[in-house]
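Only the coordinates and a few stated rules stand behind these numbers; no lab work does. What you see is a predicted model; the values in this text were computed from it and never measured. As a convention, Cβ positions derive from the backbone with ideal geometry for all residues, glycine included, and neighbour counts pool all protein chains shown.
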Amino acid sequence: MAAAGWSFVGVLTAELTFTVLQRTEGGGIPLPQLRALRELYESTCKPSQEQLPLFDLSKPPLDVNRHWTSEHHRAGRYSFEHTLDPAETYAHQARFNTSGDERNYDTLPYCEWLFASRLDSNSSDPTAVLPGPPGLDGAGDCQQLAGVTCDHNGNVVELDLNGLALRGELPSSIADLTSLERLAISNNQLSGQLPPAIFSSPVLKRLDVTHNHFSGPIPCPADDSPLRQLDLSQNEFAVGLPGCLFVAAPRLERLAINYLSLNSELPAEIKEATALKELLADHAGLTGRLPGEMHCLKRLTRLSLERNHLSGPFPQWAVDGMSSLRELRLSFNGFSGPLPTFPASLPLERVYLDHNRFSGAFGPQIRGFAQHLSQESFASLNLDHNELSGNVPDAVYRMLHDAHGLKAASSWHITMIENHLLCEPGGARSPEQEPPTDARVLEEWSR
């Protein structure tokens, strides 16, 4: 595909320029890659697509009564309870209907990928359904393959196949997509082991397999992988978090492993992930203490480890090492001991340490955080349900009186209920530093 533009020089001359985009003009797809696409379609999509209900193909393309679509399905338009304009009433409930849970990707019954090209490629007969997608015929045509992006040589560089009801196991031929830079197959019904071949492309930078049914071990990328974003959340991996993810992918910037059952500790090899900016591991089945090697993550901006089985102190060296941290989420774990000290140089904006066993006084630890907040427009501090004790620190009162941006933000939040705190500041205060009266802050502080 090319974009053209005119630029005029003088009065009578003109210059035509072209910019080549990442789409081919029907020049064909390299045969190994075309075979891989065909096998992917035939093994994970075509079996259910052959069962896709055809209602009345003489209807206009967007009519609810033409054929089943995922858009109509997820909108509940096939449900008995759905009320529509009488002129658009769905008339084929005897053939297909739903009764709830329509927005759940796990319940999508049919794969719609490339079906439109099978149906709408014959202008002389809009009711004819081709035996297969025309974009996969002959030498292949990337222009007719929805969700597939090719470079000017026809190499497949992106697959965006999210939410299409793909099911079954990924074929091993996915290894033949050697120019693939981005693979997004989230919100499908894929199962079996995630094949190591998925990392075969030497230029793969982004892989997202969120919300499928992949099981078994998490495979390792090839050595010195260019991978930058890896999303494995909401699958059925249950054999631990391999250190090879951090060793083999030293450029990794984002790792999401939420809602897994890993039953393992964070590996010491995490120190190799010096480019890591986001580590998202809520409800991941992580156990034990944080490894000392986490102090190497100097570029980390988001650390979310909520609802795991982590224990022990949150060490000061970890805070000191993660000098770029903006968001820290450790809620619903078993961390204990004193809070770490958050220096004013740390750009923290959101801290969630609730539902742990942190204990003792904590005024000095949050003094720097309070100083930093005076220049921020948004912040949250949640210390609920710990074993903190002593007076409410002066730093908290200063945050409420002096952090103008914090007070102005519509969603600011400071809360520390269900501790053992006294509602008196830790030191002397002037009259203008009287305790705040905002019920959101004072409610049950002293519990």
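Some points to look at:
- Annotation: for a label point projected 7 angstrom from Cα along Cα→Cβ of Thr341, residues of region 288-317 with backbone N closer than 17 Å are 314-317.
- Qualifying lysines (Cα of each under 26 Å from Cα of Lys205; at least 8 residues distant if same chain): Lys271, Lys277, Lys298
- In order along region 417-423, the Karplus-derived 3J(HN,Hα) couplings, from 6.51 cos²θ - 1.76 cosθ + 1.60 at θ = phi - 60°, round to 6, 6, 10, 10, 9, 9, 7 Hz, and Gly and Pro are given as x.
- Burial ordering of Thr44, Thr210, fewest other beta-carbon atoms within 10 Å first: Thr210, Thr44
- Per-pair calculated FRET efficiency, R0 = 22 Å: Asn104 and Asn65 via Cβ, rounded to 0.05: 0.40
- Given in Å, the Rg to one decimal and the Dmax to the nearest whole number for the Cα atoms of region 36-78 are 12.6, 35.
- Fewest-first sequence of Asp160, Asp282 by Cβ atoms within 10 Å of each Cβ: Asp160, Asp282
- Spherically averaged projected area of the convex hull of Cα atoms, region 93-201: 9.0 nm².
- Relative frequency of Cα-Cα separations exceeding 19 Å in region 25-174, percent: 57 percent
- Working note: Karplus 6.51/-1.76/1.60 with θ = phi - 60° gives region 258-275 the couplings 6, 6, 10, 10, 6, 6, 8, 7, 5, x, 4, 5, 4, 4, 6, 8, 6, 8 Hz, where Gly and Pro are set to x.
- Reach of Lys59 by Cα under 29 Å, taken over lysines that are not fewer than 8 positions away in the same chain: Lys46
- Under-5 Å amide H pairs with Ser324, H placed in peptide plane, nonlocal only: Leu300
- Ascending count of other beta-carbon atoms within 10 Å, so fewest first, for Glu50, Glu236: Glu50, Glu236
- Scanning residues 5 or more positions from Gly390 or on other chains, those with amide H under 5 Å from its amide H are Leu422, with H placed 1.01 Å from N in the peptide plane.
- For region 124-177, diffusion coefficient by Stokes-Einstein and Kirkwood Rh (Cα), 25 °C, 0.890 mPa s, µm²/s: 184 µm²/s
- Whole-percent pair-distance distribution, where bins are 5 Å wide, for the alpha carbons of region 292-353: 4, 19, 30, 31, 15, 2
- Its Cα gyration tensor gives region 212-251 an equivalent ellipsoid; the semi-axes, largest first and in whole Å, are 20, 11, 7.
- Rounded to the nearest whole Hz, the Karplus-based 3J(HN,Hα) values (6.51 cos²θ - 1.76 cosθ + 1.60, θ = phi - 60°) of region 65-77 follow the sequence 9, 7, 7, 4, 9, 5, 4, 5, 4, 5, 7, x, 6, with x at glycine and proline.
- Cut-off 14 Å between beta-carbons: net charge of the residues surrounding Pro242, Lys and Arg +1, Asp and Glu -1: -4
- Within region 122-143: backbone nitrogen closer than 12 Å to the Leu31 label point (7 Å, Cα to C-beta): 139
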